[in-house]
Amino acid sequence: MQTEKVVDFIVNWLKEYAENTNMNGFVIGISGGIDSAVTSTLCAKTGLPTLCVEMPIHQAKNQVSRGKEHIKQLKKKFPNVSDTKFDLTTVFEDFKNQDTDPKDVNTLDVSLANTRARLRMTVLYYYAGLKKYLVAGTGNKVEDFGIGFYTKYGDGGVDLSPIADLMKSEVYALGLLLKVPKAIQSAAPTDGLFGDNRTDEDQIGASYDELEWAMKMKEQGKTSDEFINREQIVFDLFLRLNTNNKHKMISIPVCKIPKYLTNI
């Protein structure tokens, strides 16, 4: 990959899109991870106002510190970058307390994790509305189009997706070029939605390198019976997640009414 040219291409794409839609700048949620660090840096490089938003909900301290380090570095380098903090912990706790009926623990955990993401989406669009900014998505290609590893109408609720055509490894390559903090470059990827230290790999059951491989194999038309051992396990996992989360990756189904039923 021609990393420098990819950076220039994305930055120009972001700037042109904002100008063509008559929008003033960008707003991005900062998580302390590589995807949001790279995305916010790309937005900052456009020269347009870029608002970085911290939205903690019982966040692990290392996630918070990485996010703060990145924002501090970004503001020092780009005068068009500003930041704000919107602590959603109390809102989240109030939400949880509205319904105390017994539930399956695993289902409840996932539902609450998705609720965190949707609360954050609401905050980003609040600021976007105030300032006439675009909400910049931070999903990469494996997450957005491979296994659907994001929350529908949560972190999937965005105006544009600058890095969604890049594999996770390519995002890391951009992060290295853009000199995002080393703590972010070396941190294990996590969505931080469960209030603990579980990583993306813990949740998914495979690493991003493995998932990238499986995605490429699927694109080449490979089938499960062509692999053995760990490769077969990973490939089958990818296919299952790709199928189960397809509803996130396609347009919302619209019930098309036959003309003979609507013609008067």
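Coordinate-derived values only; no laboratory data. Predicted model, so just to flag it, every value in this text is computed and none were measured. Note that we place each Cβ from the backbone using ideal geometry, even for glycine, and neighbour counts take in every protein chain shown.
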HN-Hα J in Hz across the range 65-71 - Karplus 6.51, -1.76, 1.60, θ = phi - 60°, x for Gly and Pro: 5, 5, x, 5, 4, 5, 4
In order through the range 123-129: 3J(HN,Hα) via Karplus (6.51 cos²θ - 1.76 cosθ + 1.60), integer Hz, x for Gly, Pro: 5, 4, 6, 4, 5, 4, x
Out of LEU48, THR122, ILE204, whose Cα points farthest toward the positive end of the dipole of the chain (charges: +1 Lys, Arg; -1 Asp, Glu; placed on Cβ)? LEU48
Give me the compactness ratio for the chain, meaning the Cα radius of gyration over 2.2 N^0.38 Å. 1.07
Show me the ranking of peptides 221-232, 76-87, 59-70 by mean Cβ neighbours inside 10 Å, starting with the highest. 59-70, 76-87, 221-232
Using only alpha carbon pairs under 8 Å that are at least six residues apart, calculate the relative contact order of the range 3-249 and give it in whole percent. 22
Once both label points are put 7 Å beyond Cα along the C-beta direction, the ASN245-GLN2 separation in nm becomes 3.1
What is the range 131-264 by shape, rounded, prolate or oblate, if you read a ≥ b ≥ c off the alpha carbon gyration tensor as root eigenvalues and call it rounded for a/c under 1.5, prolate for a/b larger than b/c, and oblate otherwise? oblate
Calculate the spin-label point distance for THR262 paired with ASN22, positioning each point 7 Å from the Cα along the beta-carbon direction, and give it in nanometres. 2.9
Taking the Cα centroid of the range 205-264 and of the range 28-70, what is the distance between the two, rounded to the nearest whole Å? 30
Set LYS68/LYS131; LYS85/LYS179; LYS72/LYS246 screened for pairs whose C-alpha atoms are more than 28 Å apart: LYS72/LYS246
At a Förster radius of 25 Å, what calculated FRET efficiency corresponds to the Cβ-Cβ distance of GLN220 and LYS179, to the nearest 0.05? 0.15
Provide the packing ranking of 183-192, 154-163, i.e. peptides ordered by the mean count of other C-beta atoms within 10 Å per residue, highest first. 154-163, 183-192
Per the 1/(1 + (r/R0)^6) rule, R0 = 25 Å and r from the Cβ atoms of ASP94 and TYR127, FRET efficiency to 0.05 is 0.75
Would you grab the residues whose amide H sits under 5 Å from the one on VAL27? Only those 5+ places off in sequence or on another chain, please, with H modelled 1.01 Å from N. LEU51, LEU134, VAL135, ALA136
Per DSSP helix of 4 or more residues, -39500 (n - 2.57); summed, then divided by the residues of the chain. What does that give at 222 nm, rounded to the nearest 500? -16000 deg cm²/dmol
Under Karplus coefficients 6.51, -1.76 and 1.60, residue-wise ³J(HN,Hα) of the range 135-146 in Hz, glycine/proline x: 7, 8, x, 10, x, 9, 5, 5, 5, 6, 10, x
What FRET efficiency comes out for ARG230 versus ARG198 if R0 is 30 angstrom and r is the Cβ-Cβ distance? Round to the nearest 0.05. 0.90
